Amino acid sequence: MATLAEPSVTLPDGLASALERVAAMHPECDLANPGTPSATVAVLRQRYEVLDYLVLADSPVVLEGTSGDHTVITDLRVDEVLPELRAEVERHETHTSGHREALERLVLAQRQVRNTPHGYWVAGANPEAAFHCVAGSAKVNDVRSAAVMSDGVSRLVTEYKMATWEQVFTTLRAEGPKGLIRAVRKTEATDPTGRRWPRYKSGDDATVAYCRW
């Protein structure tokens with residue numbers, strides 16, 4: 001990912017280069033297999049007086065403006081595919097056999113449309129995915145702080161609706177990323193089987209990077 005640090009290289013170009021390099025390190029692997037490992041990507045880079053951002057799939061970058069507004073950059077195309085199978089998963093409580101079976105069917109079906117024009121895009125073996133990202137820039141002077149996070153954290157606002165973005169950034173300023181993740185886990189602990197908030201698992205991976213200027 002070192003290419004992403006080069007100011008003269010756009011973030012999509014840098015990500016494509018990184019994906020190509022990683023793929024080249026695995027010449028004996030069947031990288032065309034739909035089950036090849038993949039990941040969401042969220043990048044924030046300061047380039048002189050500009051902040052460049054890139055999002056591929058549902059790990060968002062959130063910018064807190066100097067006037068207190070919040071801009072959320074995310075890519076939710078994965079939520080638009082296979083709605084019937086997604087609904088089937090959400091009909092079951094987590095940790096049940098019905099939930100596990102429905103989730104397995106959804107995952108297998110998602111693999112068939114992942115990184116295709118009719119599906120959604122994530123970082124995998126095909127560098128073309130980088131050019132299907134959501135990317136842009138903002139002026140540093142217009143941004144008070146920013147958070148780059150996995151969707152396991154952003155769901156506190158987007159799915160659980162137990163906080164606003166203003167409250168998220170208040171927590172980040174006062175308690176840092178650990179405090180925000182604690183708030184997510186505390187919320188999830190009140191609904192361990194997904195009755196109130198149907199979801200794939202009780203708690204997803206939670207990562208946050210907090211930046212202030």
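General observations
- Selection status of Ala135, part of a helix (DSSP H, G or I) and touching a Leu at 6+ places or on another chain (Cβ under 8 Å): no
- Residues of segment 1-10 that turn out to be touching a helix residue (DSSP H, G or I) at 6+ places or on another chain (Cβ under 6 Å) and either part of a helix (DSSP H, G or I) or closer than 11 Å to Arg45 by Cα (or both), as a count: 2
- Unique residue being under 25 Å from Ile181 (Cβ atoms), basic (Lys, Arg) and in contact (Cβ under 8 Å) with a residue 40 or more places away in the chain when the list is Arg144, Arg91, Arg114, Arg77: Arg144
- Segment 171-192, subset β-branched (Val, Ile, Thr) and surrounded by 15 or more Cβ atoms within 10 Å (Cβ to Cβ), residue nearest to Leu54 (Cα to Cα): Ile181
- Residue selected from segment 182-206 under the condition part of a loop (DSSP other than H, G, I, E, B) and touching a helix residue (DSSP H, G or I) at 6+ places or on another chain (Cβ under 7 Å), by the criterion modelled with the lowest pLDDT: Tyr200
- When His99, His95 are checked against the criterion of being part of a helix (DSSP H, G or I), under 21 Å from Arg195 (Cβ atoms) and of a type outside the set (Asp, Glu), His99 stands alone in meeting it.
- Of the residues making up segment 147-170, those that are over 17 Å from the mean Cα position of the chain (by Cα), free of Cβ contacts under 8 Å to residues at least 60 places away in the same chain and buried (at least 16 other Cβ atoms within 10 Å of the Cβ) are Met162, Ala163.
The values are calculated or read from the model by the stated rules, or taken from the named source; none is laboratory data. Computed from a predicted structure; not experimentally measured. A quick note on method: Cβ atoms are made from the backbone with ideal geometry, for glycine too, and the neighbour counts reach across all protein chains shown.
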